[in-house]
Amino acid sequence: MPSDASPPKKRLLIRTWGCQMNVYDSARMADVLAPLGYAPTELPEEADMVILNTCHIREKASEKVFSDLGRLRGVKEEKAARGERMILAVAGCVAQAEGAEITARAPYVDIVLGPQTYHRLPEMVARASRAAGAVIETDFPAEDKFDHLPETAAPSGPIAFLTVQEGCDKFCSFCVVPYTRGAEFSRPATQVLAEARRLVAGGAREIALLGQNVNAYHGAGPDGREWGLGRLLREVAAIPGLARLRYTTSHPRDMDEDLIAAHGELPQLMPFLHLPVQSGSDRMLQAMNRGHKAADFHRVVEKLRAARPDIALSSDFIAGHPGESDADHAATLALIREVGFAQAFSFKYSARPGTPAAGAGPQVPEAVKDARLAEIQALLRDQQEAFNRSRAGAVMEVLCTGPARHPGQMAGRSPWLQPVHFDGPAQLAGQIVPVRITAGHPNSLAAEWLGGAAKAPPSHQEIRAA
Ligand code: 5AD
Ligand code: SF4
């Protein structure tokens, strides 16, 4: 192709907050803009376009966007004084929730786009370049954005993310997701499998299937039937060359028998599951509209452990949901003690405008929320540290992701998603290598490389035959 046919080089900076779905969306936005000549940069000063991909889940996450916008305004004005243009876009869930309020508060923003419209970015960029006013696209368009996105570029490392499901119909009392991400939607299985094959061909060794409610997956299968997540996992696991598989985030209510069975059948499915429970109190679980009791969660955990004895669990907890008493809080601590978590996230309840809990009473005083959160976090920290320590001496396979901070040291991920550090050559990046754990630290594992790389993962046929 003659060089004058290629678009002029421009620089794109994307900042991402929030969940892994946003990380995936940011990568796809970069894919959509690449044909327009946008190449990545880390520096706002050299960016022709900056996209802030935002998170609305808690108030703190939302507020960070506006402080970042304030800083970028200065950069944009300096560039304008030099006769250079910088397009400033706000994407993601804050964009979806606040829409035109963003440009009212920050009139120098050029584009506001919700998570369902990023396939229309090129058109929005063209409109923003022409128009004086802001371009706002926060509807839920009739067309499927996944049908209008370019095929994924090569994954940036051995771990790839793949969105299979979006949105949520659960309407937990505290959560903005059903409003910002909209109704539950599952991508057809054929589309997911094609993307997974492209990722593996591009060098991915591990794929994490993503969805706000990923185990509610019910995509159309090529056989004309609806596939659940268990079925989808089995087919993705069968892709030759794919060594590891995960999925996140799940709801306890949607852990069906087939999905639990898949944990026992698929060696590629890693023995670590993020399963948010939010509270250990039945009263609170009901107030939160979670649709299950603490005992149901215990039963799911029991079944998972029966299917895959080495499975470790992660979860999310909220401290201080409206109406939470000392007894409710104690029930959460009791559940944490009984189940035992390898890792977990915990948050102070944050009232989100428009959600049922925001108007519910009585709201828990800040100081009480702080104290309860501190107790939950101390317990979870102890459990995580104990879990990491318990790995000392173990031999395990680690997916090497690349060099660590110290020279000569490599970093990787254990099957339980723990960061692992060990001395080894740079050529190990992207390989699954055997290591012996020498020490378990609060947030990571130290290891020694045992030499060589692990053998290729077994094929689906081998697993079925075994
Ligand atoms: N306040 C505090 N935590 C919240 N989460 C979701 N909404 C809120 C809120 N309003 C937490 C839940 C969820 C995780 C992604 O964020 O624990 O599982
Ligand atoms: Fe939010 Fe998860 Fe509840 Fe859906 S299931 S409303 S995403 S917390």
Listed by first then second residue, the pairs whose first member lies in the range 270-299 and is farther than 24 Å from Leu245 by Cα and within 15 Å of ligand 2 (Cβ to nearest atom), whose partner is charged (D, E, K, R) and open to solvent by less than 20 Å² (accessible area, probe 1.4 Å), with beta carbons under 8 Å and at least 6 positions apart or on separate chains, are Gln278/Arg290; Ser279/Arg290; Ser279/Glu324; Ser279/Asp328; Met284/Glu324; Met284/Asp328
Of (1) part of a strand (DSSP E or B); (2) free of Cβ contacts under 8 Å to residues at least 40 places away in the same chain, Ile437 fails just (2)
Residues in the range 185-218 that are of a type outside the set (S, T, N, Q), within 16 Å of ligand 1 (Cβ to nearest atom) and assigned to a loop (DSSP other than H, G, I, E, B) total 1
Among helices (runs of 4 or more DSSP H) completely within the range 223-326, the ones holding 1 or more residues that are more than 28 Å from Arg391 (Cβ to Cβ) and open to solvent by less than 10 Å² (accessible area, probe 1.4 Å) are 229-237, 282-287
| task | Could you tell me whether the range 185-198 includes any residue that is touching a residue at least 60 places away in the same chain (Cβ under 8 Å) and either more than 16 Å from ligand 2 (Cβ to nearest atom) or closer than 21 Å to Gly37 by Cα (or both)? | result | no
Among the residues of the range 135-148, the number that are hydrophobic (A, V, I, L, M, F, W, C) and either in a helix (DSSP H, G or I) or farther than 16 Å from Ser186 by Cα (or both) is 3
On the given criteria, is Ala378 within 16 Å of ligand 1 (Cβ to nearest atom) and either closer than 24 Å to Lys170 by Cα or modelled with pLDDT of 95 or more (or both)?
no
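Glu101 - would you say it is of a type in the set (Asp, Glu), buried (at least 19 other Cβ atoms within 10 Å of the Cβ) and closer than 23 Å to Tyr179 by Cα?
So Glu101 does not fit the description; no.
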Checked the range 417-429 for anything open to solvent by 20 Å² or more (accessible area, probe 1.4 Å) and under 26 Å from Thr248 (Cβ atoms); matches are Leu417, Pro419, His421, Ala429
A careful count of residues in the range 105-134 that are of a type in the set (Phe, Trp, Tyr), surrounded by 20 or more Cβ atoms within 10 Å (Cβ to Cβ) and either without any contact (Cβ under 8 Å) to a residue 40 or more places away in the chain or assigned to a loop (DSSP other than H, G, I, E, B) (or both) gives 0
Here the residues within the range 135-160 that are open to solvent by less than 50 Å² (accessible area, probe 1.4 Å), polar (S, T, N, Q) and at pLDDT 70 or above are Thr138
Residue pairs within 7 Å by beta carbon, gap of at least six or interchain, first lying in the range 9-33 and closer than 21 Å to Leu72 by Cβ, second of a type in the set (S, T, N, Q) and not in a strand (DSSP E or B), listed first then second, are Arg11/Thr41; Leu12/Thr41; Leu13/Thr41; Ile14/Ser26; Thr16/Asn22; Thr16/Ser26
Going through the range 354-388 in order, the residues found to be touching a residue at least 60 places away in the same chain (Cβ under 8 Å) and in a loop (DSSP other than H, G, I, E, B) are Gly354, Thr355, Ala360
Restricting the range 327-343 to residues that are open to solvent by less than 20 Å² (accessible area, probe 1.4 Å) and under 22 Å from the mean Cα position of the chain (by Cα), the one farthest from ligand 1 (Cβ to nearest atom) turns out to be Ala342
*asked:* Given the criteria loosely packed, with under 14 Cβ neighbours inside 10 Å and modelled with pLDDT of 95 or more, does Ser414 qualify?
replied: no
Across (1) among the aliphatic types (A, V, I, L, M); (2) open to solvent by 40 Å² or more (accessible area, probe 1.4 Å); (3) within 12 Å of ligand 1 (Cβ to nearest atom), Val177 clears everything bar (2)
Filtering the range 159-183 down to residues that are within 16 Å of ligand 2 (Cβ to nearest atom) and in contact with a helix residue (DSSP H, G or I) (Cβ under 6 Å, 6 or more places away or on another chain) yields Thr163, Val164, Gln165, Cys168, Phe171, Ser173, Phe174, Thr180
Taking the range 396-410 and keeping residues surrounded by fewer than 20 Cβ atoms within 10 Å (Cβ to Cβ) and hydrophobic (A, V, I, L, M, F, W, C) leaves Met396, Ala404
**Report entry** Test result for Val301, of a type in the set (Val, Ile, Thr), touching a helix residue (DSSP H, G or I) at 6+ places or on another chain (Cβ under 8 Å) and within 16 Å of ligand 1 (Cβ to nearest atom)
**Finding:** no
Does Gly451 count as open to solvent by less than 40 Å² (accessible area, probe 1.4 Å) and at positive phi?
yes
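Please determine, by comparing only the residues of the range 344-356 that are within 21 Å of Pro178 (Cα to Cα) and more than 13 Å from ligand 2 (Cβ to nearest atom), which one is least open to solvent (accessible area, probe 1.4 Å).
Ser346
The values are calculated or read from the model by the stated rules, or taken from the named source; none is laboratory data. This structure is a prediction, so every number in the text was calculated from the model and none was measured. In this analysis, Cβ positions are derived from the backbone assuming ideal geometry, glycine residues included, and neighbour counts consider all displayed protein chains. Note: areas computed on protein heavy atoms with side chains; ligands, DNA, RNA excluded. Shrake-Rupley method; radii C 1.70, N 1.55, O 1.52, S 1.80 Å.
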